[in-house]
Every structure is written in structure tokens, then in C-alpha cells.
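Below: the structure, in C-alpha cells.
The values are calculated or read from the model by the stated rules, or taken from the named source; none is laboratory data. Since this is a predicted model, take the numbers as computed values, not measurements. No Cβ is skipped: glycine too gets one built from the backbone with ideal geometry, and neighbour counts run over all protein chains shown. Surface areas here come from the heavy atoms of the whole protein model, side chains and all, with no ligands, DNA or RNA. Shrake-Rupley method; radii C 1.70, N 1.55, O 1.52, S 1.80 Å.
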Amino acid sequence: GVNYIPKLAFNCCKSLEFEIPDHIETIGNQAFSTCEKLTQVHIPQSVTLLDGYNPFSYCSNISKFSGNFASVDGRCLVQEGKLISFAPAN
């Protein structure tokens, strides 16, 4: 059982459509960077750490985050009062 998604794991996957499994505990630095097909991201409660810089940087089609670390409006991921990621799409 892998319990983390490492740094840059899915970097630049142009056609990735992915649901983060419930057993994942850590998402690494820029793990999903430049994944253009991601439109909505659910962070399961099992994830306790977003490690490093924005794991969803340059994902220009994300419109909403939900689950652990998501802001009430779904536009941001916040960890310990720090903005980790934001949904750029309208």
C-alpha cells in the first residue's frame, strides 16, 4: 500500500482524469502540475499533508476543490492558514 503521491508524480499529464484514493495521506510538491483535464478535485479526509508548493499548479481548468483543506466556497485549498492552491477557472 502506497500512502502518498510523490512530488511531480503526474506532472504534465495532459489527459489525466483522476480521483485521489481514500488511503492517500500525503500529496507531494506539484504532484498534479499542468494536468489540463482536471476540473474538480476532491481531497479525501485521509490526506493530512499537502507537501511543498501547490500540488495543482498550472491546472487551469479546475473549477472546484472539495474535501479536506477545501475552503467553504471550493475555490481554495488551505493548510494551517496558508493558501496552498486555488481554482483558477470561473
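For the reader, a short list of remarks on this structure follows.
- Looking across region 48-57, the residues that are within 10 Å of the chain's Cα centre (by Cα) and part of a loop (DSSP other than H, G, I, E, B) come down to Asn54, Pro55, Phe56, Ser57.
- Restricting attention to region 33-69, the residues being touching a residue at least 24 places away in the same chain (Cβ under 8 Å), closer than 17 Å to Gly81 by Cβ and among the hydroxyl-bearing types (Ser, Thr, Tyr) number 1.
- From Ser66, Ser33, Ser60, residue being hydroxyl-bearing (Ser, Thr, Tyr), assigned to a loop (DSSP other than H, G, I, E, B) and surrounded by fewer than 15 Cβ atoms within 10 Å (Cβ to Cβ): Ser60
- Residue match in region 80-89 (condition: at positive phi, open to solvent by less than 20 Å² (accessible area, probe 1.4 Å) and of a type outside the set (A, V, I, L, M)): no
- Residues of region 36-51 that are loosely packed, with under 15 Cβ neighbours inside 10 Å and farther than 12 Å from Phe69 by Cβ: Lys37, Thr39, Gln40.
- Any hit, region 5-17, residues being touching a His at 6+ places or on another chain (Cβ under 8 Å), free of Cβ contacts under 8 Å to residues at least 24 places away in the same chain and of a type in the set (Asp, Glu): no
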